[in-house]
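The values are calculated or read from the model by the stated rules, or taken from the named source; none is laboratory data. Predicted model only: the values in this text are computed from it and were never measured. Positions of Cβ are generated from backbone atoms using ideal geometry, with glycine treated the same way; all protein chains shown enter the neighbour counts.
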Amino acid sequence: MSDNNPKGRDIYIIPQKSAYSGTVNIFMSAFFLLIALLIFLPILLVIIISFSSEESVTELGYSFFPKSFSFSAYRYLFNSGEYLLRSFFNSVLITLSGTLAGLLVMCPIAYAVSRKEFGFRRRILLFLMIPMMFSGGLVSSYMVNTQIFHLKNSYLALILPGLCSTWYIMILRNYFHISIPDSLIEAAELDGCDPFQTFRLIVLPISKPVIVTVSVFQVFSYWSSWYPSLLYLDSNHTELYPLQYVLVNMDRSIERLSRDAQYISGAGVYTPPAVTVRMVMVVIVILPVMILLPFFHKFLKNGMTIGAIKG
């Protein structure tokens with residue numbers, strides 16, 4: 001209250017905006033818009049090349065303005081029809097099953113090691129940290145999965161090896177430990193909830209952002225994975241091939257045909273549109289991710305930031 005105010009009224013001073021705030025906002029908006037454009041341009045280039053003719057790519061290279069457009073790459077790829085559709089179904093099945101099963105395993109573990117009253121918390125944390133620093137290697141994991149668990153030539157061979165990640169458990173554990181107050185857990189216990197009910201009814205609904213974040217990471221990991229198929233699936237079990245492995249095999253076949261066509265002249269050998277087909281493969285792989293990511297953007301942002309510092 002000011003001494004020069006005879007009526008005794010409170011005087012509030014409204015802070016003045018800086019003359020530079022509008023300019024700074026415009027500059028930062030333009031800067032981040034430029035970064036977003038630079039990130040999007042390669043994706044746009046891939047899409048344009050996938051619709052370009054092979055002659056245009058050969059003559060002009062990778063260009064945003066091709067001389068002619070063609071659907072030959074899409075026709076070549078989708079001529080496999082049922083085979084490609086089956087592999088797409090396999091990828092969806094493996095991705096959804098691996099993500100859901102991984103959450104069912106990792107969330108309870110992360111919640112258990114986040115509670116101070118859990119007696120084996122430090123031992124389990126130590127047990128989880130060891131694989132992050134020391135790995136048994138590819139040969140040992142292959143022998144365990146094939147000779148002990150007999151996972152070869154099955155869907156489980158593509159799901160179980162990547163089911164549980166120590167890094168994701170640490171993300172979940174930190175969220176449970178920092179963002180969920182002990183008073184809330186104590187209140188649930190006073191209301192008669194056992195640990196399983198507390199976890200299912202209290203913890204999981206509150207932890208939706210971090211659970212969705214880990215789910216998105218798991219989906220990306222399974223969706224883009226093809227190397228386990230190379231290790232654990234034989235050529236006699238093509239019905240189990242995921243989409244990415246099918247596309248890798250197609251790319252190898254196209255490369256082989258293109259290489260053989262260089263040594264055969266006048267035989268009318270068909271040469272597939274190698275470059276544009278590869279771009280179509282990229283579009284097929286990233287298109288589902290591009291469609292789904294905006295729906296999870298809010299949860300992904302919250303899950304990565306909340307719990308990072310204690311508020």
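Of the helices (runs of 4 or more DSSP H) lying entirely inside region 103-190, those carrying at least 2 residues that are of a type outside the set (A, V, I, L, M, F, W, C) and closer than 30 Å to residue 230 by Cβ are 138-143, 166-179.
Looking across region 31-67, the residues that are in a helix (DSSP H, G or I), modelled with pLDDT of 85 or more and closer than 16 Å to residue 279 by Cα come down to 40, 41, 42, 43, 44, 45, 46, 47, 48, 49, 50.
Of all residues in region 20-45, which are among the aromatic types (Phe, Trp, Tyr) and either in the same structural domain as residue 280 (by TED's automatic domain parsing) or over 27 Å from residue 286 (Cβ atoms) (or both)? Correct list: 20, 27. Among the residues here, residue 73 qualifies as at negative phi, assigned to a helix (DSSP H, G or I), among the aliphatic types (A, V, I, L, M) and in contact (Cβ under 8 Å) with a residue 40 or more places away in the chain.
Quick check, is residue 305 at pLDDT below 75 and more than 30 Å from residue 57 (Cα to Cα)? So residue 305 fits the description; yes. Of all residues being surrounded by 13 or more Cβ atoms within 10 Å (Cβ to Cβ) and of a type in the set (D, E, K, R) in region 239-275, which is modelled with the highest pLDDT? Just the residue, please. Filtering region 239-275 for residues that are surrounded by 13 or more Cβ atoms within 10 Å (Cβ to Cβ) and of a type in the set (D, E, K, R), the one modelled with the highest pLDDT comes out as 251.
Could you look through region 217-238, keep only residues that are among the hydroxyl-bearing types (Ser, Thr, Tyr) and not in a loop (DSSP other than H, G, I, E, B), and pick out the one that is surrounded by the fewest Cβ atoms within 10 Å (Cβ to Cβ)? Applying the filter and picking the extreme gives 227.
Would you mind stating whether residue 209 is in a helix (DSSP H, G or I), in contact (Cβ under 8 Å) with a residue 40 or more places away in the chain, surrounded by 12 or more Cβ atoms within 10 Å (Cβ to Cβ) and not basic (Lys, Arg)? In short, yes.
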